[in-house]
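Participant: First the structure, then my questions, so here it is.
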Amino acid sequence: MDLNKVMIIGRLTRDPELRTTPSGINVCQLGVATNFVYNNQQTGQKVENVEYHNIVLWRKLGEIANQYLKKGRRVYIEGRLQTRSWDGKDGQKKYRTEIVGDNMIMLDSGGAGGQRQENAGNEEPPAPEEAPQSPAKEDIPTIQQDEDINVEDIPF
């Protein structure tokens, strides 16, 4: 049995780009940056390495990413690695490795940051059931994609 599974948590490096294939299928392309911090054994200094990932989301999952995600937002992507190739304008063979996302979870709240200072006086904070809920959290679905995607359908 083989396994091709990728799970990353990172920040979008640009706004999502939604396109439609000639056969009418929506596909969304986005970039996600992940970082890894470690201490250099020789110098003792912290070193941060950043990796950039190309993500492809198909159909409804791509539509949702395009609608809710923006540059800088944190996101969890689960999927598989796929490398495609094409002949460049210069005649050279080009390759691109991407993560084809099957599952996505948006990790940032929809602008609820900084609302905790409203009870600075002696008042009791509201009960959990009375606390205002961010409408974005209720509207953000998690979708899993089960269909295989044909490489020829990719418009970019």
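Participant: Given the options ILE25, MET7, ILE77, identify the residue whose Cα lies farthest towards the positive end of the charge dipole of region 1-89 (+1 on Cβ of Lys, Arg; -1 on Cβ of Asp, Glu).
Facilitator: Farthest towards the positive end: ILE25.
Participant: Could you list, in their original order, any pairs among LYS46/LYS71; LYS5/LYS89; LYS5/LYS93; LYS5/LYS70; LYS5/LYS71; LYS5/LYS60 whose Cα atoms are separated by more than 28 Å?
Facilitator: LYS5/LYS89
Participant: Give me LEU61, LEU81 sorted ascending by neighbouring Cβ count inside 10 Å, so fewest comes first.
Facilitator: Ordered by Cβ neighbours within 10 Å, fewest first: LEU81, LEU61.
Participant: Sticking to Cα atoms, compute the Rg of region 20-82 to one decimal and its Dmax as the biggest Cα-Cα distance, whole number, in Å.
Facilitator: Cα radius of gyration and Dmax of region 20-82 are 16.5, 56 Å respectively.
Participant: Next question. 5 Å is the cut-off here: which amide hydrogens, built 1.01 Å from N in the peptide plane, fall below it relative to ILE25, excluding neighbours closer than 5 in sequence?
Facilitator: none
Participant: Tell me, in nm to one decimal, what length is gained between ASP90 and VAL37 on full extension, where the rule is 0.36 nm per residue of separation less the Cα-Cα distance?
Facilitator: Taking 0.36 nm per residue and subtracting the Cα distance, the gain is 15.3 nm.
Participant: Okay, next question. Between beta-carbons, use under 11 Å as the cut-off and find the net charge around GLY72, counting Lys and Arg +1, Asp and Glu -1.
Facilitator: So the environment of GLY72 carries a net charge of +4.
Participant: Find out how many positive minus negative residues lie around ASN35, taking Lys and Arg as positive, Asp and Glu as negative, among other residues whose Cβ is under 13 Å from that of ASN35.
Facilitator: Neighbourhood net charge equals +1.
Every number here is computed from the coordinates shown, using simple stated rules; none is lab data. Remember, predicted model here, so these are calculated numbers, not experimental data. In this analysis, Cβ positions are derived from the backbone assuming ideal geometry, glycine residues included, and neighbour counts consider all displayed protein chains.
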